[in-house]
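Student: Below are the structure tokens for one structure; questions will follow.
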Amino acid sequence: MSWTGWLAIAFLLFLLVFAVRLYGRFYPRPGFNWNRWVARTAIFAAISACLYVIPVFSLPLPFLPGFLSLHFDEIPIFIAGFAYGPFTAVAVTLIKTIIKLPFTSTLCVGELADFIFTLAFVLPATLIYKRWRNLKGVACGFIVSLVSQLAVSLLLNIYVMLPFYMFVMGLSYETILAMCQAVNPAVTDLGWPYALMCVLPLNVIKDLIVIVVTFVVYRSLHLVLRFAKK
């Protein structure tokens, strides 16, 4: 990726930190408030949608076919879920997905799959952290989320996404296989070899980046988000 893409990602992360710090100054009191919750959800949904929709934030990898790329829209969803609970994480994910629907090129099937991938990744960690609000809870939550997301992504890609693309987009089995083998000759078919050589590396790299960035950003913002007492 060019330096402009990395600069855009850095700017968006800075914007995330600045937005929640500014928001914390205007809403200093703890306790649930419907308007406050809507404002929080809207802020994180907007940032997540930008990471999801804007092409510059979709990063290709040289050893994967062009239709597989990295995206980091789970970062603001994780932060919202850790700070305000799993329900807020689901709401942010839903709004992000709805915003993407007008731009769909997969008859909404790709967006539905991404919605399921995101929930499989975010919900276990936020549910565990809601029960154990410490570093042990964070670590346990991230491990469970990583395993959950990888399992769901492997199964859905093999049995749902690839058959859908071949049927709707008119792409033959041989065409997709040739696209994969052009960048990764180890892909011998579009079953488990494709999943293990393409889908698994993509999601491992993406998930680890999301986990590290989420931990660093949330660690610096959790007091501002009023989730922990000063």
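Student: Where residues in segment 55-89 are over 27 Å from Leu190 (Cα atoms) and without any contact (Cβ under 8 Å) to a residue 40 or more places away in the chain, which of them is least open to solvent (accessible area, probe 1.4 Å)?
Tutor: Applying the filter and picking the extreme gives Ala89.
Student: I would also like to ask the following. Scanning segment 90-109 for residues that are under 13 Å from Leu51 (Cβ atoms) and at pLDDT below 85, which turns out surrounded by the most Cβ atoms within 10 Å (Cβ to Cβ)?
Tutor: Lys100
Student: Filter segment 131-149 down to residues that are buried (at least 19 other Cβ atoms within 10 Å of the Cβ) and aliphatic (A, V, I, L, M), then give me how many there are. Write out each step before concluding.
Tutor: Our first condition is that a residue be buried (at least 19 other Cβ atoms within 10 Å of the Cβ); within segment 131-149, this holds for 138, 141-142, 145-146, 149.
If we keep only those that are aliphatic (A, V, I, L, M) too, we end up with 138, 146.
Residues that pass the stated criteria total 2.
Student: Given (1) aliphatic (A, V, I, L, M); (2) more than 24 Å from Phe121 (Cβ to Cβ); (3) loosely packed, with under 15 Cβ neighbours inside 10 Å, identify the lone condition not met by Leu155.
Tutor: Against the list (1) aliphatic (A, V, I, L, M); (2) more than 24 Å from Phe121 (Cβ to Cβ); (3) loosely packed, with under 15 Cβ neighbours inside 10 Å, Leu155 comes up short only on (2).
The values are calculated or read from the model by the stated rules, or taken from the named source; none is laboratory data. Note that the coordinates shown come from a computational prediction; the quantities given were computed from them, not determined experimentally. Every residue, glycine as well, gets a Cβ built from its backbone with ideal geometry; the counts of neighbours run over all protein chains shown. For the accessible areas, the whole protein counts, side chains as well, though only heavy atoms, and no ligand, DNA or RNA atoms are used. Shrake-Rupley method; radii C 1.70, N 1.55, O 1.52, S 1.80 Å.
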